[in-house]
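Working notes, structure below.
The values are calculated or read from the model by the stated rules, or taken from the named source; none is laboratory data. What you see is a predicted model; the values in this text were computed from it and never measured. Positions of Cβ are backbone-derived with ideal geometry, glycine not excepted, and every protein chain shown enters the neighbour counts. Ligands, DNA and RNA are excluded from the accessible area calculation, which covers all protein heavy atoms including side chains. Shrake-Rupley method; radii C 1.70, N 1.55, O 1.52, S 1.80 Å.
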Amino acid sequence: MLTYNSYGTEYKIKLQLTTYQDNGNLALCATCWDEEYKFWEPYGTFTVNLGEKLPDDCAYVDNNNHPGIEDWLKDTGLAEPLAKMRQSGFCMYPLYKFDIAKIRSIIAEQDNEDK
């Protein structure tokens, strides 16, 4: 099971791989375990859709709403940074190349843990 640390709190998370509806770009989402109520709830989307069509394994990473996400992606081997940033509003978002095979493998393992 993956964990993600945000603002000093460690969350037990499950990944969800999907796409943005308007252009089909990669979207990486997560749910987290609510220990009090014993269920999985939406946590957030680790990517942002900035409009331009990207390769299927690339996405801009939401480092604005998820501090530390870049280190986490690199440390887990889920993605590596590319030499491109894009501005939206006051934020600069880095472009990453995701290891789709690894993400799908993790998702399969997560699904098996529930059975």
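Of the conditions (1) over 21 Å from I106 (Cα atoms); (2) in a loop (DSSP other than H, G, I, E, B); (3) touching a residue at least 12 places away in the same chain (Cβ under 8 Å); (4) not small (G, A, S), D56 clears all except one; give me its number.
Here D56 clears every test but (1).
Can you tell me which residues in segment 55-84 are under 21 Å from Y20 (Cα atoms) and basic (K, R)?
Selection gives K84 alone.
Restricting to segment 35-51, count the residues that are modelled with pLDDT under 95 and either outside any strand (DSSP E or B) or open to solvent by less than 30 Å² (accessible area, probe 1.4 Å) (or both).
Matching residues across segment 35-51 total 5.
Residues of segment 83-115 being small (G, A, S), exposed (fewer than 13 other Cβ atoms within 10 Å of the Cβ) and over 21 Å from K12 (Cβ atoms), which ones?
Hits for segment 83-115 are A83, G89, A101.
Here's a check for you: in segment 2-34, which residue that is assigned to a loop (DSSP other than H, G, I, E, B) and of a type in the set (S, T, Y) is modelled with the lowest pLDDT?
Applying the filter and picking the extreme gives Y7.
C32: in contact with a strand residue (DSSP E or B) (Cβ under 7 Å, 6 or more places away or on another chain), free of Cβ contacts under 8 Å to residues at least 40 places away in the same chain and open to solvent by less than 20 Å² (accessible area, probe 1.4 Å), yes or no?
Considered against the rule, which asks whether it is in contact with a strand residue (DSSP E or B) (Cβ under 7 Å, 6 or more places away or on another chain), free of Cβ contacts under 8 Å to residues at least 40 places away in the same chain and open to solvent by less than 20 Å² (accessible area, probe 1.4 Å), C32 comes out as yes.
Please determine, by comparing only the residues of segment 84-102 that are touching a strand residue (DSSP E or B) at 6+ places or on another chain (Cβ under 7 Å) and basic (K, R), which one is nearest to L28 (Cα to Cα).
K97
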